[in-house]
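One structure is given below, encoded as structure tokens.
The values are calculated or read from the model by the stated rules, or taken from the named source; none is laboratory data. These figures come from a predicted structure and were not determined experimentally. Cβ: placed from backbone, ideal geometry, glycine included. Neighbour counts: every protein chain shown. Protein only, heavy atoms only, side chains kept; ligands, DNA and RNA dropped before computing areas. Shrake-Rupley method; radii C 1.70, N 1.55, O 1.52, S 1.80 Å.
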Amino acid sequence: MIREIITYPNKLLKQKSHDVEDFNDELHVLLDDMYETMIAKNGIGLAAIQIGERFNVLIINLPNEDDKQVKEDVLEIINPKIIDKKGSTLYTEGCLSVPEYYEDVDRAEWIKVEYRDRDGKLISCEYDGLMAIAFQHECDHLNGELFIEKLSYLKRKKFEKDWKKKLKGKS
């Protein structure tokens, strides 16, 4: 089922999520709904909080060599922890909760992570490139943070001004 994505400045996006304790059918439905929602909205990642569920759950599905997202490649990430990070890289990010806004964000270039899959199995991985960026971006959501909070003071002020204008135009 495609769910509604919560957008900035909804206060729910500022709340921290909770660890999943039961790896059951409810979790599997949530993961499936998140995937359908993310694909329908043309995203590459989605955190559960973005659809109003305060669980430490996120998914990432990067396009393959043919620039297609296939369900077999989706990463279902539950209770993620970034164990180590190195380097620095600048990447132009966007977010389904801040639609049609893109800005350069500085993130770690390489990360080592641990998380559980949909069945509770512990996974340890190292990521770099876009996967590392997406993982960090989605983990921020679980901690109640948005990528716009990583912008410089001046860029953030400009964003807030432009965003208020955009919201006024919709009402």
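Limited to region 70-91, what total is found for residues that are over 13 Å from residue 134 (Cβ atoms), open to solvent by less than 50 Å² (accessible area, probe 1.4 Å) and outside any strand (DSSP E or B)?
First, the residues of region 70-91 that are over 13 Å from residue 134 (Cβ atoms): 70-72, 76, 78-79, 81, 83-88, 90.
After this cut, where a residue has to be open to solvent by less than 50 Å² (accessible area, probe 1.4 Å) as well, the list is 70, 76, 78-79.
Within this subset, residues satisfying the condition of being outside any strand (DSSP E or B) are 70.
Residues that pass the stated criteria total 1.
Could you list, in sequence order, the residues of region 36-53 that are out of contact with any strand residue (DSSP E or B) (no Cβ under 6 Å at 6 or more places or on another chain) and within 19 Å of residue 120 (Cβ to Cβ)?
Narrowing region 36-53 to residues out of contact with any strand residue (DSSP E or B) (no Cβ under 6 Å at 6 or more places or on another chain): 36-37, 39-44, 49-53.
53, the sole residue that qualifies.
How many residues are in a strand (DSSP E or B) and either exposed (fewer than 13 other Cβ atoms within 10 Å of the Cβ) or in contact with a His (Cβ under 8 Å, 6 or more places away or on another chain) (or both) when one looks only at region 106-125?
4
Taking the residues in region 92-105 that are touching a strand residue (DSSP E or B) at 6+ places or on another chain (Cβ under 6 Å) and surrounded by fewer than 19 Cβ atoms within 10 Å (Cβ to Cβ) as candidates, determine which candidate is farthest from residue 2 (Cα to Cα). Let's see the steps before the verdict.
Just the residues of region 92-105 that are touching a strand residue (DSSP E or B) at 6+ places or on another chain (Cβ under 6 Å), to begin with: 92-94, 102, 104-105.
Checking the rest, the ones that are also surrounded by fewer than 19 Cβ atoms within 10 Å (Cβ to Cβ) come to 92, 94, 102, 104.
Numbers: 92: 26, 94: 20, 102: 24, 104: 29 Å.
Here the answer is 104.
Pairs, please: C-beta under 7 Å, at least 6 apart or cross-chain, first residue more than 14 Å from residue 102 (Cβ to Cβ) and in region 156-171, second at pLDDT 90 or above and surrounded by 12 or more Cβ atoms within 10 Å (Cβ to Cβ)?
Within 7 Å, the pairs are 156/148.
All but one of (1) aliphatic (A, V, I, L, M); (2) under 19 Å from residue 35 (Cβ atoms); (3) within 15 Å of the chain's Cα centre (by Cα) hold for residue 123; state the number of the condition that does not hold.
Condition not satisfied by residue 123: (3).
Would it be correct to say that residue 138 is at pLDDT 95 or above and either of a type outside the set (A, V, I, L, M) or surrounded by 15 or more Cβ atoms within 10 Å (Cβ to Cβ) (or both)?
On the way: at pLDDT 95 or above: yes; either of a type outside the set (A, V, I, L, M) or surrounded by 15 or more Cβ atoms within 10 Å (Cβ to Cβ) (or both): yes.
Considered against the rule, which asks whether it is at pLDDT 95 or above and either of a type outside the set (A, V, I, L, M) or surrounded by 15 or more Cβ atoms within 10 Å (Cβ to Cβ) (or both), residue 138 comes out as yes.
Pairs needed: first member in region 59-77, of a type in the set (D, E, K, R); second member anywhere, assigned to a loop (DSSP other than H, G, I, E, B); C-beta distance under 8 Å; at least 6 residues apart or different chains.
Qualifying pairs under 8 Å: 71/61; 73/61; 73/62; 73/64; 76/117; 76/118.
What are the residues in region 7-49 that are among the β-branched types (Val, Ile, Thr) and part of a loop (DSSP other than H, G, I, E, B), if any? Show your work before the answer.
Narrowing region 7-49 to residues among the β-branched types (Val, Ile, Thr): 7, 20, 29, 37, 39, 44, 49.
Matches in region 7-49: 7, 20, 44.
Just checking, how many residues over region 9-33 are under 14 Å from the mean Cα position of the chain (by Cα) and buried (at least 17 other Cβ atoms within 10 Å of the Cβ)?
Number of matching residues: 3.
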